[in-house]
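Inspection log for the structure reproduced underneath, given as structure tokens.
The values are calculated or read from the model by the stated rules, or taken from the named source; none is laboratory data. Quick caveat: nothing in here was measured; it's all calculated off a predicted structure. Cβ coordinates were reconstructed from backbone atoms using ideal geometry, including for glycine residues, and neighbour counts include every protein chain displayed.
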Amino acid sequence: MYSRAPVDRSADSDGSAGDDRPGLGCSHGEPPDWRVQLREGLRSAADLRRLPLAPEELEALAEVTAAYKTRAPRHYLRLVDWSDPEDPIRRQVIPAPEELVVAPGERPDPIGDRRHSPVPRLTHRYPDRVLLYPTYQCAVYCRFCFRKESLVEVDEGYSPRALRPAYDYVAAHPELREVILTGGDPMMLRDDHLAEIRRRLEAMPQLRMLRLHTRVPVALPQRVTPGLVAALRGRLMVAVVTHFNHPREITPEAAVACRRLREGGFMLLNQSVLLRGINDDAEVLRELFQELVYTLGAKPYYLHHCDLTRGLSHLRTPLERGQRLVDDLRGRISGLCQPTYVLDLPGGEGKVAVGVSAVEEHEGTRWILRGRDGRRHEYDEVLPDAADDR
Ligand SMILES: *Cc1c(COP(=O)(O)O)cnc(C)c1O
Ligand code: SF4
């Protein structure tokens, strides 16, 4: 078992006692207000000095923090075990000098988002759904983010005017069914701004679903308020896709946030990124996927292979290892707990499943399938006589 970060409920909740440097001091309850969580967290690279990092470590980070954004709410920082330099929470949020090492093959637009962007703030790669970027700001800036360069380049928040071309584009495409709010983190928007976006989209009759991709339930669960839930409820089916990467991120606060989202009537799914030394381990993944379902009620949807973003080679795991890890879980844990292992093709051609196939050979109606026992099993299709090549 991976121990949960302690959440001390006995201490005073006004935050007046103890050491109030971000990430330090264990005598507080969690401030319930998400704005306080942001204010008392790591707001920029300058705040790194207030964390228990060695002076030479801080010095080594100056260049990285000039290149990429740094931020983490107090809640997320409190999950870090500062005594462990390889702590999986710490490595997701504290900048590392390796981020400046660009390996051959890495690219600024790793999955071709820009190539498929017909208007600003929108990516259209699949026929029936688009990505919409209502903001380029996040509660936490993840070191592994595949969009980290766009977040620096664009760096803008919500603006109805900036979204106008994207709305016009969606309105002009009757084949669309789903709009996916991503970014940036859409849950960083104010409730009234989220409601405004929802109403704009609801008015387009071809749309059926509003989806949000967010790391807020992980890093800033206090933001998931009844007001946020109410802002999203309307004509469209709503799916919230969270982004938990490690079982230690599954805290009591995250459970409250996820319960609110489910009780709001939303589908709850999760996507994770496979990260070297953070979650590329059979036990960590088993616990993550089981607790997502059993504690949070969030179905593991995708496990992403780490994209070819620049400066991420230190976080990348071999594809074969990913396949082995995922294949190992099949049969051992509930089907509800199993995500699809996917990779986004670097040219922008979209996601492909990269898990190992059970099909070893196939000729006509005769198939050779690998079973859970690791052995080859023959399967003969039995079809109606008239069946031809359908
Ligand atoms: C990943 C992605 C989606 C969502 O794909 P699903 O398989 O439906 O989750 C949509 N548009 C773009 C551009 C994407 O990269
Ligand atoms: S919250 Fe999402 S978009 Fe923002 S830095 Fe993390 S992974 Fe990237």
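Structural remarks
- Being among the aromatic types (Phe, Trp, Tyr) and more than 16 Å from ligand 2 (Cβ to nearest atom) is a description that applies to residue 169.
- Where strands (runs of 3 or more DSSP E) fall entirely within the range 346-390, those with at least 1 residues that are surrounded by fewer than 10 Cβ atoms within 10 Å (Cβ to Cβ) are at 359-363, 376-380.
- Residue, nearest to the chain's Cα centre (by Cα), within the range 308-340, restricted to residues that are part of a strand (DSSP E or B) and in contact (Cβ under 8 Å) with a residue 40 or more places away in the chain: 309
- Qualifying positions in the range 159-190 - more than 21 Å from residue 147 (Cβ to Cβ), in contact with a helix residue (DSSP H, G or I) (Cβ under 8 Å, 6 or more places away or on another chain) and in a loop (DSSP other than H, G, I, E, B): 176
- Filter result (over 18 Å from residue 272 (Cβ atoms) and within 16 Å of ligand 1 (Cβ to nearest atom)) within the range 208-233: 208, 209, 210
- Number of the condition not met by residue 37 [criteria: (1) more than 14 Å from ligand 2 (Cβ to nearest atom); (2) free of Cβ contacts under 8 Å to residues at least 60 places away in the same chain]: (2)
Table: residues versus (1) more than 18 Å from residue 68 (Cβ to Cβ); (2) out of contact with any Lys or Arg (no Cβ under 6 Å at 6 or more places or on another chain); (3) buried (at least 19 other Cβ atoms within 10 Å of the Cβ).
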residue	(1), (2), (3)
116	yes, no, no
138	no, yes, yes
142	no, yes, yes
146	no, yes, yes
164	yes, yes, no
187	yes, no, yes
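- If you go through the range 330-354 and keep only what is at pLDDT below 95 and farther than 30 Å from residue 116 by Cβ, you end up with 330, 331, 332.
- Residue match in the range 217-231 (condition: closer than 16 Å to residue 300 by Cβ and either free of Cβ contacts under 8 Å to residues at least 60 places away in the same chain or in the same structural domain as residue 180 (by TED's automatic domain parsing) (or both)): yes
- Residue 357 vs. criteria at pLDDT below 95, more than 19 Å from residue 270 (Cβ to Cβ) and hydroxyl-bearing (Ser, Thr, Tyr): yes
- Against the conditions (1) within 16 Å of ligand 2 (Cβ to nearest atom); (2) buried (at least 17 other Cβ atoms within 10 Å of the Cβ); (3) not in a loop (DSSP other than H, G, I, E, B), residue 200 satisfies every one except (1).
- Any hit, the range 203-225, residues being among the small types (Gly, Ala, Ser) and within 16 Å of ligand 2 (Cβ to nearest atom): yes
- Among the residues examined, residue 127 qualifies as more than 16 Å from ligand 2 (Cβ to nearest atom) and surrounded by fewer than 17 Cβ atoms within 10 Å (Cβ to Cβ).
- Any hit, the range 326-337, residues being of a type in the set (Lys, Arg), in the same structural domain as residue 149 (by TED's automatic domain parsing) and surrounded by fewer than 16 Cβ atoms within 10 Å (Cβ to Cβ): yes
- Candidates 53, 58, filtered to the one that is aliphatic (A, V, I, L, M), in a loop (DSSP other than H, G, I, E, B) and surrounded by fewer than 20 Cβ atoms within 10 Å (Cβ to Cβ): 53
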